[in-house]
Amino acid sequence: MTFLPTFSRVDLARQCTYPWTGGVKWPKRFSSSFATIGTAFSEAAEVLALWEDVDLAAIGERVSLSDGDARVLEVYVDHLRDLLRGRGDVWRWAEVPLAWSTEHRAGRILKQAHPRDYDHVRPGDLWGRPDLVYRDPSGVMVVSDYKTGQKARGVSPIQLAQLRACGLAAAAAFGEDEVTIEVVFVDDAGCRSTRDHLDGWGLAKIAGELGDLVATINAPGHPQPRPGPWCHSHYCPVAAVCPETKRALAMLSLASHPPFALAPECASGEHALWTLDEVKRLEQALEVYKLAAKRWADESPIPTTDGKVWGPRTIETRSIESTPEAISVLRQRGIEAAAKWSVTKSAIEREAGKVAPKGKKASLVRDVLEQLDEVGAVKRSTFTKYEEHRPKQCQ
């Protein structure tokens with residue numbers, strides 16, 4: 001039987017099953033800065049759920065966070081700590097190892113000797129680990145997923161196949177007839193949660209969808225790759241070695257008559273040097289083609305997936321200058337420590353949380369930012385960024 005996707009890969013598998021049916025070896029995965037922060041945040045969140053405190057320095061050292069990323073992580077963790085403290089959950093279980101058997105239409109908690117032990121995953125299982133399962137004060141069981149990347153902005157839980165699968169498996173494993181699924185989006189501004197409720201009919205529908213997916217993966221034959229926006233938006237693990245990628249690269253490389261071949265690993269120093277030169281050349285060519293897409297998107301944003309479009313967005317950024325007037329404002333409000341290195345919104349929020357009465361942090365931050373604006377310490381700038389996003393009318 002073909003090995004099956006984890007819950008986190010179900011969204012990709014629904015679009016293209018080639019990573020599981022194509023017989024290709026998955027190349028080594030390299031993490032970006034955003035991915036590293038996400039990994040560190042996930043680890044910190046697991047500890048916070050039980051102990052309300054965490055050694056961020058140790059986590060940062062373990063995953064090799066830069067000083068800048070470490071400060072971002074600290075802000076994210078502060079926001080999550082505030083959220084968890086204010087909720088009053090009856091019980092919590094972080095990083096619950098769950099499996100769903102499409103054959104038996106049953107979910108269970110996986111036995112594990114350590115966090116990465118998946119020896120008890122059975123053939124035919126889909127499996128994964130939701131960030132948090134908890135019961136809120138009203139008695140409702142909630143399956144929660146934390147998102148720190150921009151791609152999750154504006155996404156509702158029901159749109160995420162990963163979270164739907166986690167909700168189904170958790171409900172079955174804990175003997176619940178219904179469950180609430182939740183996305184908690186975390187950034188510099190705080191935590192914002194969105195919930196969807198799944199009743200018995202909703203859970204049955206998800207079970208059917210997963211059954212259909214597994215049947216497709218296990219069907220005879222060798223489906224061809226199906227390239228599309230999901231290759232990058234869902235982080236396809238075989239994108240670098242996919243035949244469609246190789247075909248596109250071959251078309252770009254025809255004029256160079258290469259002595260080597262582009263591959264995920266280099267066989268010699270000469271091969272590495274050639275690869276570096278070839279990649280630079282291809283990047284130049286790709287910029288020309290990307291410019292063509294940008295020109296089209298200037299006139300008509302390009303529809304992608306899940307109601308999103310790719311095209312230009314006007315982004316406004318705000319920076320706070322450490323002027324004497326700004327320092328005076330912070331001193332008056334009792335949060336001068338926010339200017340220890342430089343004045344940032346996240347530093348103001350962190351210090352405001354230490355002095356504001358319960359429930360008044362947001363209003364204090366808003367008042368301080370307004371005062372800083374009045375004394376001319378807030379500088380605004382705008383720029384255009386081409387990216388996938390939701391049109392305003394859909395947000």
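Picking from residues in segment 351-395 that are under 30 Å from Lys290 (Cα atoms) and in a helix (DSSP H, G or I), the one that is modelled with the lowest pLDDT is Cys394.
Taken over segment 230-264, residues that are in a loop (DSSP other than H, G, I, E, B), more than 17 Å from Gly23 (Cβ to Cβ) and at pLDDT 85 or above amount to 2. Scanning segment 310-360 for residues that are touching a helix residue (DSSP H, G or I) at 6+ places or on another chain (Cβ under 8 Å) and among the β-branched types (Val, Ile, Thr) yields Ile320, Ile327, Val329, Ile335, Val343, Thr344, Ile348, Val355.
Each residue in segment 205-229 was checked for being assigned to a loop (DSSP other than H, G, I, E, B) and surrounded by fewer than 18 Cβ atoms within 10 Å (Cβ to Cβ), and 9 pass.
Against the condition more than 31 Å from the chain's Cα centre (by Cα), surrounded by 14 or more Cβ atoms within 10 Å (Cβ to Cβ) and of a type outside the set (Ser, Thr, Tyr), how does Ile335 come out, does it pass? Yes. If you go through segment 166-195 and pick out every residue that is outside any strand (DSSP E or B) and either buried (at least 20 other Cβ atoms within 10 Å of the Cβ) or outside the structural domain of Leu210 (by TED's automatic domain parsing) (or both), you end up with 7.
Looking only at segment 90-117, which residues are surrounded by 14 or more Cβ atoms within 10 Å (Cβ to Cβ) and of a type outside the set (A, V, I, L, M)? Scanning segment 90-117 gives Arg92, Trp93, Glu95, Pro97, Trp100, Ser101, Thr102, Arg105, Gly107, Arg108, Gln112.
With Ala240, Ala261, Ala272, Ala250 as the choices, which residue is more than 30 Å from Thr344 (Cβ to Cβ), within 25 Å of the chain's Cα centre (by Cα) and among the aliphatic types (A, V, I, L, M)?
Working: Ala261 fails: within 25 Å of the chain's Cα centre (by Cα); Ala272 fails: within 25 Å of the chain's Cα centre (by Cα); Ala250 fails: within 25 Å of the chain's Cα centre (by Cα).
Answer to the check: Ala240.
Residues that are assigned by TED's automatic domain parsing to the domain that holds Gly107, closer than 24 Å to Lys361 by Cβ and part of a loop (DSSP other than H, G, I, E, B): does segment 32-50 have at least one? No, segment 32-50 contains no residue that is assigned by TED's automatic domain parsing to the domain that holds Gly107, closer than 24 Å to Lys361 by Cβ and part of a loop (DSSP other than H, G, I, E, B). Assuming Gly202 fulfils every condition listed in (1) surrounded by 16 or more Cβ atoms within 10 Å (Cβ to Cβ); (2) modelled with pLDDT of 85 or more; (3) not assigned by TED's automatic domain parsing to the domain that holds Thr17 apart from one, which condition is it? Here Gly202 meets the rest and fails (3).
Annotation: of all residues in segment 24-61 being free of Cβ contacts under 8 Å to residues at least 12 places away in the same chain and more than 30 Å from Arg87 (Cα to Cα), the one that is surrounded by the fewest Cβ atoms within 10 Å (Cβ to Cβ) is Phe30. Of the residues that make up segment 296-315, is at least one of a type in the set (Asp, Glu) and assigned to a strand (DSSP E or B)? Among the residues of segment 296-315, not one is of a type in the set (Asp, Glu) and assigned to a strand (DSSP E or B), which makes the answer no.
Listed here are the residues, each with its yes/no results for (1) more than 18 Å from Thr36 (Cα to Cα); (2) surrounded by 13 or more Cβ atoms within 10 Å (Cβ to Cβ).
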| position | (1), (2) |
| --- | --- |
| Ser66 | no, no |
| Val75 | no, yes |
| Gly88 | yes, no |
| Leu132 | yes, yes |
| Gly139 | yes, no |
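Residue pairs whose Cβ atoms lie under 8 Å apart, separated by 6 or more positions or on different chains, with the first residue in segment 272-292 and part of a helix (DSSP H, G or I) and the second hydroxyl-bearing (Ser, Thr, Tyr), are Glu278/Ser253; Glu278/Ser256; Arg281/Ser256; Leu282/Ser253.
The values are calculated or read from the model by the stated rules, or taken from the named source; none is laboratory data. Here the structure is a predicted model, which is why all the values come from computation and not from measurement. Ideal geometry is used to build each Cβ from the backbone, glycine not excepted, and the neighbour counts take in all protein chains shown.
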